[in-house]
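Below is one structure, written out as structure tokens, with a few remarks after it.
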Amino acid sequence: MNPPATAAVPATAASPLPQPLLQVRGLVKHFPIRRGLFGRVQGQVRAVDGVDLTLRERETLGVVGESGCGKSTLGRALLRLIEPSAGQVLFDGTDLGTLDAAALRSQRRAMQIIFQDPFSSLNPRMTVGRILAEPLRLHGLHRGREGERVAELLRTVGLAPEHALRYPHEFSGGQRQRIGIARALAVEPRLVVCDEAVSALDVSVQAQVVNLLQDLQQRLGLAYVFIAHDLAVVRHIATHVAVMYLGRIVEWADKRTLFAAPRHPYTQALLAAIPVPEPPRAAGGARTRLLLAGDVPSPAKPPPGCRFHTRCPHARPRCAEDSPALQATLEAAAAGATHAVACHFWREIEPAAAALPEAAPANPRLERLQAAFRD
Ligand SMILES: Nc1ncnc2c1ncn2[C@@H]1O[C@H](COP(=O)(O)OP(=O)(O)OP(=O)(O)O)[C@@H](O)[C@H]1O
Ligand code: SF4
Ligand SMILES: [Mg+2]
């Protein structure tokens, strides 16, 4: 297995910051590709291939990138819902890899996940009351007053205690997502991974659920890893953003920095699709649109060197050979901000520079992704 290509990134430069809640170092998750009668391993899907992250209490890390770049795998591996192939996940200073099954189960209480499709994760034969009481029973919480706790949870997510008697199919999509959130909150987590948690909802319901998540964060001090296709939603909810490409983080910054001055060519391409309300930057008027040519390469056979070099408009010969590490920028560190970029030439690339002529062949998959990013 190749060593992770990212270098350790200092959390942020400012020292008064509290101890990180989550620290991820060199996280790797490869899935074996089996073929033939005997299921011989023919290769590996490098879904997550050397990720470093830091997250503090009350922070929300938005994780964005094209479909298949490893976002869900990252979310599951850092909760250890799937076993990482390599790397470390420290939660509140404890290395989850060193815990036995019982200790991990009890630690999981503090780390919950909310999925895109709450319907498939809510047992249709159980009332909402039972669904919410189940995690309490499993962790031995609120013994003897489970009913009260269920009512409290329902109120917390904007539902009524009477809803405990109903079944999941009796609710709308937005209400079911609220039930999913209540179930995650039942065990009083400190970290919640939201994997496309609002993606399936109508825009107005999306806004309600996002506002609820933000409100809960303020009240309960939660940290979120918010995985989403929709950059507009990420821009709304995140405090920090990590941009993934083929299993690696290519840019990581606090939200302001990332949206104001993206430096990685891939981030620039994604952000170029979002309409810009401020005064135009480019001389010609509106912000110049950047299009990427070509498809995303297979994570089973990622390109050598910089994984983005086959599509990067700034690529040079070095890019095909030498893998760039995710390096914190000194400017950001000096300002107490977070900004790290995995590109050999980021200093020479203007923030949000136009790199390809409009006539460049567009990739229909990217076009669809960009369409999804629009407000
Ligand atoms: N259990 C598995 N076995 C084999 N390959 C897998 C498995 N889970 C995910 N993969 C592969 O790993 C890669 C990353 O998948 P993942 O679901 O993490 O991407 P994603 O960024 O969440 O995509 P999407 O935006 O479509 O949800 C993909 O190539 C996917 O096919
Ligand atoms: S390292 Fe090279 S290929 Fe990769 S993003 Fe930077 S310029 Fe593009
Ligand atoms: Mg996913």
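Annotations for the structure displayed:
- Every residue from the range 93-117 that is over 25 Å from L212 (Cα atoms) and either within 16 Å of ligand 3 (Cβ to nearest atom) or in contact (Cβ under 8 Å) with a residue 24 or more places away in the chain (or both): G93, L104, S106
- In the range 201-211 there is no residue that is crowded, with 16+ Cβ neighbours inside 10 Å, farther than 21 Å from R58 by Cβ and at pLDDT 95 or above.
- Filtered by the rule that a residue be buried (at least 19 other Cβ atoms within 10 Å of the Cβ), under 30 Å from R143 (Cβ atoms) and away from ligand 3 (no atom under 16 Å from the Cβ), the range 217-243 gives Q217, L222, A223.
- Scanning the range 18-35 for residues that are more than 16 Å from ligand 1 (Cβ to nearest atom) and at pLDDT 90 or above gives P20, L21, L22, Q23, R25, G26.
- Condition met for A242 (assigned to a strand (DSSP E or B), touching a strand residue (DSSP E or B) at 6+ places or on another chain (Cβ under 6 Å) and either more than 16 Å from ligand 1 (Cβ to nearest atom) or at pLDDT below 95 (or both)): no
- In the range 259-273, residue surrounded by the fewest Cβ atoms within 10 Å (Cβ to Cβ) [restricted to those that are within 19 Å of the chain's Cα centre (by Cα) and assigned to a helix (DSSP H, G or I)]: F259
- Against the list (1) at positive phi; (2) modelled with pLDDT of 95 or more, the condition R76 fails is (1).
- So I82, is it under 21 Å from L141 (Cβ atoms), touching a Ser or Thr at 6+ places or on another chain (Cβ under 9 Å) and either within 14 Å of ligand 3 (Cβ to nearest atom) or acidic (D, E) (or both): no
- Screening the candidates R56, R40, R76 for the property of being surrounded by fewer than 23 Cβ atoms within 10 Å (Cβ to Cβ), free of Cβ contacts under 8 Å to residues at least 24 places away in the same chain and out of contact with any Gly (no Cβ under 8 Å at 6 or more places or on another chain) yields one hit, R40.
- The helices (runs of 4 or more DSSP H) found entirely in the range 45-161 that carry 1 or more residues being acidic (D, E) are 128-138, 146-156.
The values are calculated or read from the model by the stated rules, or taken from the named source; none is laboratory data. Since we're looking at a predicted model, the values are computed, not measured. FYI the Cβ positions are ideal-geometry reconstructions off the backbone, even for glycines, and counts take in every protein chain you see.
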